[in-house]
Amino acid sequence: MNEETPIPAAPVYKIKVTANGPYIVTGGVPLLEWVICHDPDGHSHGWREGRKFEAPSAYALCRCGGSKSKPFCDGSHLSNGFDGTETASREPFAARALELAGPELTLSEVPMLCSQARFCQRAGDTWHLVRKSDDAVSKEIAIEEAAECPSGRIVLRDKSGKLLEPLLPPSIGLVEDPVKGRSGPIWVRGGVAIEAADGTVYEIRNRVTLCRCGHSNNKPFCDGRHVKVKFRSSE
């Protein structure tokens, strides 16, 4: 009798936030840059792949913003006074979300999660489009804008309550924003678990953004401060 070939177990992906230190990534999570594209008016629209990095079974990503080996940690947090205290809420998204009901779409949002990627600003902004979602074009653009947002600040549902989320493979993206000339957050995609320094696992979501400039007031998540502090991964 022939024995069946065992099916390899799926990798267990995880990001561990360390106390005043880096993010420890385990499971060999794919790592690459994602560059924000823009339309002729300068509004964020679409993404393109940038550099790909080797993703060993475990690696450490800088979250203090000071590493000379970005995106990887070089121990700079030990000497630059980095305070990585986690201040983000542990409540699930739905418990904190504000809601806007349009004719064909319902928008839920947690403003604190905004990473300043600006995908929601095109064509009058996503809120305006949701209010006009009985118009087919407005509805389509609203869904597209929400799906392009890396932070998951905005979530859309249709009239039946179905969640309208993009299909994102488990991976980690390093956001680059050439329009602003800034390096953005760490884009965690496809439901990769994020564990706090105290062992609590944050709500697992399809897309979230983690701070890598070291200045967020909503650590470990990005709050857009990289724009204000002019963070660049090359420096």
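The values are calculated or read from the model by the stated rules, or taken from the named source; none is laboratory data. What you are looking at is a predicted structure, and each value in this text was computed from that prediction instead of being measured. All Cβ positions, even for glycine, are placed from backbone atoms using ideal geometry, and neighbour counts span all protein chains on display. We work out accessible area using only protein heavy atoms, side chains counted, and drop any ligands, DNA or RNA first. Shrake-Rupley method; radii C 1.70, N 1.55, O 1.52, S 1.80 Å.
Here is how the numbers come out for the structure above:
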| item | result |
| --- | --- |
| Among (1) open to solvent by 50 Å² or more (accessible area, probe 1.4 Å); (2) without any contact (Cβ under 8 Å) to a residue 60 or more places away in the chain - the single one His45 does not satisfy | (2) |
| Lone qualifier among Ile141, Ile186, Ile172 - being hydrophobic (A, V, I, L, M, F, W, C) and in contact with a helix residue (DSSP H, G or I) (Cβ under 9 Å, 6 or more places away or on another chain) | Ile141 |
| Counted residues, the range 189-220 - those being touching a Leu at 6+ places or on another chain (Cβ under 6 Å) and touching a residue at least 60 places away in the same chain (Cβ under 8 Å) | 1 |
| Residue match in the range 98-119 (condition: of a type in the set (Lys, Arg) and open to solvent by 40 Å² or more (accessible area, probe 1.4 Å)) | no |
| So Gly65, is it in contact with a Gly (Cβ under 7 Å, 6 or more places away or on another chain), in contact (Cβ under 8 Å) with a residue 12 or more places away in the chain and either closer than 28 Å to Cys120 by Cα or surrounded by fewer than 18 Cβ atoms within 10 Å (Cβ to Cβ) (or both) | yes |
| Tally, over the range 170-205, of residues that are part of a loop (DSSP other than H, G, I, E, B), within 18 Å of Trp47 (Cα to Cα) and open to solvent by 40 Å² or more (accessible area, probe 1.4 Å) | 4 |
| Cross-chain or 6+ apart pairs with Cβ under 9 Å, the range 156-180 first and in contact (Cβ under 8 Å) with a residue 40 or more places away in the chain, then of a type in the set (A, V, I, L, M) and exposed (fewer than 12 other Cβ atoms within 10 Å of the Cβ) | Leu156/Leu163; Arg157/Leu163 |
| Residue identified as of a type outside the set (Val, Ile, Thr), at pLDDT below 95 and open to solvent by less than 60 Å² (accessible area, probe 1.4 Å) among Ala60, Ala55, Ala88 | Ala55 |
| For Gln121: the one exception among (1) touching a residue at least 40 places away in the same chain (Cβ under 8 Å); (2) under 25 Å from Gly214 (Cα atoms) | (2) |
